[in-house]
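Here's a structure for you.
Every number in this text was worked out from the coordinates using simple rules, so none of it is lab data. The model shown is predicted, which means the values in this text are computed figures rather than measured ones. Note that each Cβ is placed from the backbone with ideal geometry, even for glycine, and that neighbours are counted across all protein chains shown.
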Amino acid sequence: MDSPLPAVPRRRSLLVATPGTPVRWAAGLRSAVAFGLPALIFVVAGYSREALIVSVGAFAVMYGEGRPYRARWRAVVVAGAGLAAAAVLGAAVGTQIDGLWPAAGKIDHFIEVALLSVIACVAVFIVSALRAGPPGAFFFMLVCAVGMGVARAGIPVGTVAACAVVGIVSSVVVSMAGMLFDRSAPERAAVARAVGAIDAYVELRERGEPAVAAHRAAAALLHGGWVALYDAGIPQRAPDSDLVTMLLAKHRQFIGVVAADPAEQLDPPLPLGAAGKRSRAHRSLTVHSHAAVSATRALVASGVAGSVGILLDLGRPDWAVISAVLVVHQGPDRIVGTVRGLHRLVGTVVGLALFAVAYQVGATGAALVLLLMVLMFLIDLMIARNYGVAVMFITPVALLIGGVGASGGPIAAPMRDRLIETLIGVVVALATLWLVVPRAHRHNLKWADARVLDSTAGLLHALRTENPNSDAALVLRRDLQLDLVIDDECGHRAVRDEVEWARLHWSRHTDTIRVGYDLLLQCWETPPGELIADPDGWATRIEKARLQ
């Protein structure tokens, strides 16, 4: 693997960048239908007010995107359960708070902010620790705030729960509908992405060109490819299938194994899929992990932003909380977080303009549901490509579902408050990124390097008495591969956040990465039934990397 520092992206390019992810037309359509179909049925049945609440469960459809169908329904159900719990908890607090503290002044808002802050902290940690990917922890915050809002409008908690369940059921049905046409499409797409990334990396490697970023992308997509295949149950059912054969060949090519006989590439055992949820969560139970830092910042930013909103008597501190968490929830990357803050501000301004247009149109009933379907389609289309554009559509969705303007009264004041609270949330979030654990990228990289060396040493210890293809060794190889992917990501974040510091530590980082991958290569090259060669030499390499 190459050791030069990866290129630092220009900050201006980050503002307008659209990563090379495919346009999610089908995903957008699923988001729209998962909400719109049951909501339109509610409208026809005469429950127009309740129809919008279906969205709190329908957002779950986003969490199943890209997953093989065999595992997709479980992801949607789990995400839906979390969304429903957040919405019901918000509704319960919103319903009871006035009765419990009828003359307590602003204490009710502080209770709401405290609840949102705790949900933000927990959701951010879980989503980050489990590497759940887009759309992240944001929607758990949104539905909790929606629950509070509709409860204040007089909708019972039981109604919120029932509507959420309807949305979840719709999400499962819509998510799984594609398997009627092509049940293997998600895993084929995952393998195709891995193959393309590995080919691009190998081409750069063979030409002798810098390939640090290409290596990182290939490693992550290779891991994702195996996870998808195992989620689909293909290695278990058909270990000699074309998809398994193709990914295995590319895995060997990525590592650097050259097989004299192509048939050797089919010899079992295969690399394993994802580590269990408990294992993934456990590796983040340290103050320096990506998940822990992200959750800490989410807790601080949401609490401070909401409190400022309360003290300024703006009336909707939940908007400030959500705006703050949206900036910090994806991790301790200060540069990208700052860009997200700018995206949030610009997107909110445009989103408020879209909301004003929708309000002037006066859409109600089925027309309002159709408008929300269009907006949800556009959110899912853009959420992974350009966050600023996605926020343009998230803002009117949040306002419309939350009932702003539903009374037909003036909307200038709530729009003004929304903009001010968004500004408060973004400012507080940016201050949190730069002031709370300001050197998180340093600690994060050192923690990830140490974890790779510990995993490498643990694998080597097992290999002293076991063949690399034993069950125990395969688990350790799988865990080391994931730790290498995480360490690679931490290295690139450190480069973006503080390039001069990263340059000073890059040699140690790349040596750590290299010894891990080299030991994995040795595992591939060790003949079945034999022990790894020169374990003491490997121990010396590991210790040398640790002492740098």
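Sort Arg334, Arg237 so the one with the fewest other Cβ atoms within 10 Å of its own Cβ comes first.
Ordered by Cβ neighbours within 10 Å, fewest first: Arg237, Arg334.
So for the chain, taking the charge dipole from beta-carbon charges (+1 Lys/Arg, -1 Asp/Glu), which of His288, Ala114, Phe254 sits furthest toward the positive end?
In the chain, that residue is Ala114.
Identify, among Val173, Ile411, Ser128, the residue whose Cα sits farthest towards the positive end of the charge dipole of the chain, taking +1 on the Cβ of Lys and Arg and -1 on the Cβ of Asp and Glu, with the dipole about the Cα centre.
Sorting the options by dipole projection puts first Ile411.
Per Stokes-Einstein, at 4 °C and 1.567 mPa s, what whole-number D in µm² s⁻¹ belongs to segment 400-488, with the Kirkwood radius over Cα pairs as the hydrodynamic radius?
Rounded, D is 73 µm²/s.
A further question on this structure: Computed FRET efficiency, Cβ-Cβ of Lys106 and Ser507, R0 35 Å: what is it to the nearest 0.05?
Computed FRET efficiency for Lys106 and Ser507: 0.05.
Pick the calculated semi-axes √(5λ) of the Cα gyration tensor in Å for this structure from [x] 50, 24, 23; [y] 39, 31, 20; [z] 44, 26, 20?
Working out semi-axes √(5λ) of the Cα gyration tensor in Å from the coordinates points to [z].
Which of Leu40, His329, Trp25 sits closest to the plus end of the dipole of the chain, meaning its Cα is farthest towards the positive end, when Lys and Arg get +1 and Asp and Glu get -1 on the C-beta?
Leu40
Okay, next question. Using the membrane-span-like helix rule (whole DSSP H runs, Cα extent along the own axis of at least 27 Å, mean Kyte-Doolittle hydropathy at least 1.0), which helices of the chain qualify?
Taking the DSSP H segments of the chain (at least 27 Å long, mean hydropathy at least 1.0), we get 25-44, 107-129, 157-176, 290-311, 334-361, 412-435.
Could you line up Val325, Val287 from fewest to most neighbouring Cβ atoms inside 10 Å?
Listing Val325, Val287 from fewest to most nearby Cβ atoms yields Val287, Val325.
While we're on this one: With charges only on Cβ, +1 for K and R and -1 for D and E, what is the dipole size of the chain about its Cα centre, in debye, rounded to 20?
So the magnitude is around 1100 debye.
Still on this model: Run the simple label-point estimate for Val118 and Ala162 please: 7 Å along Cα→C-beta, distance reported in nm.
2.8 nm
So if I place +1 on the C-beta of Lys and Arg and -1 on the C-beta of Asp and Glu, and nothing else carries charge, what would the dipole magnitude of segment 288-412 be about its Cα centre? I want it in debye, nearest 20.
Computed about the Cα centre, the dipole is about 220 debye.
May I ask you to list the residues of segment 38-66 whose amide nitrogen lies under 18 Å from a point 7 Å from Cα along the Cα→beta-carbon direction of Ala366?
Answer for this model: 38-52.
Could you give the dipole magnitude of segment 205-258 about its Cα centre, charging the beta-carbon of Lys and Arg +1 and that of Asp and Glu -1, in debye to the nearest 20? Intermediate results must be reported in sequence, preceding the final value.
On the way: 6 positive and 5 negative charges, 30 e Å.
My answer is approximately 140 debye.
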